[in-house]
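The values are calculated or read from the model by the stated rules, or taken from the named source; none is laboratory data. Only a predicted model underlies this, so the values are computations on that prediction, with no experimental measurement involved. Here the Cβ positions follow ideal geometry from the backbone for every residue, glycine too, while neighbour counts run over all protein chains shown. These area figures cover heavy atoms from the full protein model, side chains too; ligands, DNA and RNA do not enter into them. Shrake-Rupley method; radii C 1.70, N 1.55, O 1.52, S 1.80 Å.
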Amino acid sequence: MAGMRMTVIGTGYLGATHAACMAELGHEVLGIDVDQTKIDALKAGKVPFFEPGLPEVLERNLANGRLCFTTDYKEAAEFANVHFIGVGTPQQRGSYAADTTYVEAAVDSLVPHLQGDHVIFGKSTVPVGTAQALQERANKLISASASLEIAWNPEFLREGYAVNDTITPDRIVLGVRSTNSTNSTETRAEEIAREVYATPLADGTPFIVTDLQTAELVKVSANAFLATKISFINAVSEVCEIVGADVTQLADAIGHDERIGRKFLGAGLGFGGGCLPKDIRAFMARAGELGADQALTFLREVDAINMRRRERVVDLSREILGSLIGRRITVLGAAFKPNSDDVRDSPALAVAGQLNLAGASVRVYDPEAMDNARRVFPTLDYADSLDDALADAELVILATEWDEFRQLDPEHAGQLVESKTLIDARNVLPVPAWHSAGWELHALGRSL
């Protein structure tokens, strides 16, 4: 099957990944962004963030001519009749609500240039009701010689696995406008989406067609559920610490129940990043706006439990060292999760910052996120290597579970530090090996 022509608006994490992977699936893709520096970098084959496998996909499709980039919305309108919006929806300042300014700007910039029949697929995570509002907005901007349908096709990318999640997704969700008796306008979005995703659909990927509102709710509901599961096991770990139980064994035991499952029951420092914290807060805010205030109040406690994990690591450091003032502490990790350079709402960096504010001399090392971390916390000390980070440390905190840290040789590490004392804030280290090497280990929800 011949590929289609399409544009992807926004070339941040979501947009750049989607554009490159759509080209990998055989489509001709034009990426659009208002940031000329970002466009120039992508044209040169440089991905402005860390995502395994993406640089190779980008370079391959730039070379074969299926992928290009521009800042010109008029060019985008003339290039294709299928458009994806993949811009950010950050948390509003002073509010839990999501900021849809960039999504609205994408519509405002593209729609006046359209001629003929077009479909926009929204991929950004937005408050329920946004798609309908955008359709009404677009209807006022579009010329008489053009038509536009807005549908919603939420993304389910996991940072570190985004290429695979785009090319071989575990499900595709599409929200389309109503075609009931009061609105006889036909929808073309499903037919076009089936052509866009022909390859994964041929491989059996489930394709779920819903109304717009349901599609908008799918992503935030999924993230709210995952966040709740993580905070649940962390709440249980607080009880485990008090009574001397082991939260990892508990998670293994309940994880064998197929109704529960073991995934996302890793007790420790909790979640962060640009999605889960933002999305659960935006979900709560939108529920309040809709008059369903009580429906999602439990998410406030999910958020609170998660934030308490960071405080607990700082408190545990104080319990181990006494006063933190002047003590040399190494934090292994700055990204919010492994296989990413994303430090947005990073638990690891939050702990490092709090320890620093408490007077500790904090040294940080991360395999990929150092530059981003420096921009957020320029006052911290950043090591050039793992060995450099461990040198003369009085306390080591494993805060992001990179394989490099999980596979660290405790004998070698013990020769570098001043004190063999470590907090495994992710509960991932082989405890017997570290005990055998003479280390004093501490963890959240466990007595080691």
*Provide a single number: the residues in the stretch 260-275 that are among the aromatic types (Phe, Trp, Tyr) and open to solvent by 40 Å² or more (accessible area, probe 1.4 Å).*
1
_Just to be sure I understand the filter: pairs with C-beta atoms under 7 Å, separated by 6 or more residues or on different chains, first member in the stretch 138-160 and open to solvent by 40 Å² or more (accessible area, probe 1.4 Å), second member among the polar types (S, T, N, Q). Which pairs pass?_
145/115
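From 116, 88, 175, 94, grab the single residue that is modelled with pLDDT of 95 or more and open to solvent by 20 Å² or more (accessible area, probe 1.4 Å).
None of the other options fit; the residue is 116.
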*State whether the residues of the stretch 338-353 include one that is over 24 Å from residue 160 (Cα atoms) and in contact with a strand residue (DSSP E or B) (Cβ under 9 Å, 6 or more places away or on another chain).*
yes
*Taking residue 406, is it touching a residue at least 12 places away in the same chain (Cβ under 8 Å), under 20 Å from residue 270 (Cα atoms) and surrounded by fewer than 16 Cβ atoms within 10 Å (Cβ to Cβ)?*
yes
*Considering only residues that are open to solvent by less than 40 Å² (accessible area, probe 1.4 Å), aliphatic (A, V, I, L, M) and farther than 11 Å from residue 397 by Cα, look in the stretch 412-448 and name the one that is nearest to the chain's Cα centre (by Cα).*
428
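Restricting to the stretch 84-104, give me the number of residues that are farther than 20 Å from residue 190 by Cα and in contact (Cβ under 8 Å) with a residue 12 or more places away in the chain.
Looking only at the stretch 84-104, we keep the residues that are farther than 20 Å from residue 190 by Cα, and these are 87-104.
Narrowing further to those that are in contact (Cβ under 8 Å) with a residue 12 or more places away in the chain: 87-91, 95-98, 100, 102-104.
So the count comes out to 13.
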*May I ask you to list the residues in the stretch 194-221 that are assigned to a helix (DSSP H, G or I) and buried (at least 18 other Cβ atoms within 10 Å of the Cβ)?*
196, 200, 212, 215, 216, 217, 218, 219, 220
*Count, please, the residues in the stretch 219-240 that happen to be touching a Ser or Thr at 6+ places or on another chain (Cβ under 8 Å) and among the charged types (D, E, K, R).*
1
*Taking residue 257 as meeting all but one of (1) in contact (Cβ under 8 Å) with a residue 40 or more places away in the chain; (2) farther than 20 Å from residue 443 by Cα; (3) open to solvent by 40 Å² or more (accessible area, probe 1.4 Å), write down the number of the exception.*
(1)
*Among 268, 272, 261, which is the only one that is under 30 Å from residue 448 (Cβ atoms), in contact with a strand residue (DSSP E or B) (Cβ under 9 Å, 6 or more places away or on another chain) and not in a helix (DSSP H, G or I)?*
268
*Keeping to the stretch 299-341, report how many residues are crowded, with 24+ Cβ neighbours inside 10 Å and part of a loop (DSSP other than H, G, I, E, B).*
5
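Quick grid of which residues meet (1) basic (Lys, Arg); (2) surrounded by fewer than 22 Cβ atoms within 10 Å (Cβ to Cβ):
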{"residue": "3", "(1), (2)": "no, yes"}
{"residue": "8", "(1), (2)": "no, no"}
{"residue": "36", "(1), (2)": "no, yes"}
{"residue": "51", "(1), (2)": "no, no"}
{"residue": "61", "(1), (2)": "no, no"}
{"residue": "66", "(1), (2)": "yes, yes"}
{"residue": "72", "(1), (2)": "no, yes"}
_Can you tell me which residue is surrounded by the most Cβ atoms within 10 Å (Cβ to Cβ) among those in the stretch 354-379 that are part of a loop (DSSP other than H, G, I, E, B) and within 24 Å of the chain's Cα centre (by Cα)?_
366
*Any pair with Cβ under 7 angstrom, 6 or more apart, that starts in the stretch 21-41 at a residue that is closer than 16 Å to residue 196 by Cα and ends at one that is small (Gly, Ala, Ser) and modelled with pLDDT under 95*: 26/3; 27/3; 28/3
*Pick from the stretch 390-403 the residues that are acidic (Asp, Glu) and over 12 Å from residue 330 (Cα atoms): which of them is surrounded by the most Cβ atoms within 10 Å (Cβ to Cβ)?*
401
*Lone unmet requirement of (1) in contact (Cβ under 8 Å) with a residue 40 or more places away in the chain; (2) touching a strand residue (DSSP E or B) at 6+ places or on another chain (Cβ under 8 Å); (3) not hydrophobic (A, V, I, L, M, F, W, C) for residue 326*: (1)
